[in-house]
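See below for the structure under consideration.
The values are calculated or read from the model by the stated rules, or taken from the named source; none is laboratory data. This one's a predicted model, so the numbers in the text were calculated from it and none came from an experiment. Counting neighbours? That spans all protein chains shown, and the Cβs are built from the backbone with ideal geometry, glycine included.
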Amino acid sequence: MGNPCGTTNAKIYMTMEVKGVPIYCGSGVNPVNSPAQHFVAWGKGVISSGLIHTFNIESLEQGILWFVDEEEAEAQYAKLQEVLSKR
């Protein structure tokens, strides 16, 4: 059985928890005609059974942002850690 529509396998390279909020940085194949391969995700349940949504979601409680450039994803991961630590 394949992945449910709109999800892909998440390969997580970095993870951290800031004030109870998990943050992930990783990669996956984004099959929606997008060159984006790298993601930053945060919030409980954002990655479920190793799967992540293939579209951007952004709220205070949960989010997924996809990037073409790995360095840009890593910079967003660091920025998100800083922002959440100040909340």
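Give me the residue from the stretch 39-58 that is more than 13 Å from A73 (Cβ to Cβ), surrounded by 16 or more Cβ atoms within 10 Å (Cβ to Cβ) and not β-branched (V, I, T) and, out of that set, modelled with the lowest pLDDT.
Residue satisfying both the conditions and the ranking: H53.
Could you pull out the residue among V29, V46 that is among the aliphatic types (A, V, I, L, M), outside any strand (DSSP E or B) and free of Cβ contacts under 8 Å to residues at least 24 places away in the same chain?
V29
Which of the residues spanning the stretch 15-38 are surrounded by 14 or more Cβ atoms within 10 Å (Cβ to Cβ) and modelled with pLDDT of 85 or more?
M16, V18, V21, P22, I23, Y24, C25, G26, S27, G28, Q37, H38
Name the pairs whose Cβ atoms lie under 8 Å apart, with the first residue in the stretch 58-80 and part of a helix (DSSP H, G or I), the second surrounded by 17 or more Cβ atoms within 10 Å (Cβ to Cβ) and of a type in the set (S, T, Y), and 6 or more positions between them or separate chains?
Cβ pairs passing all conditions: E70/S27.
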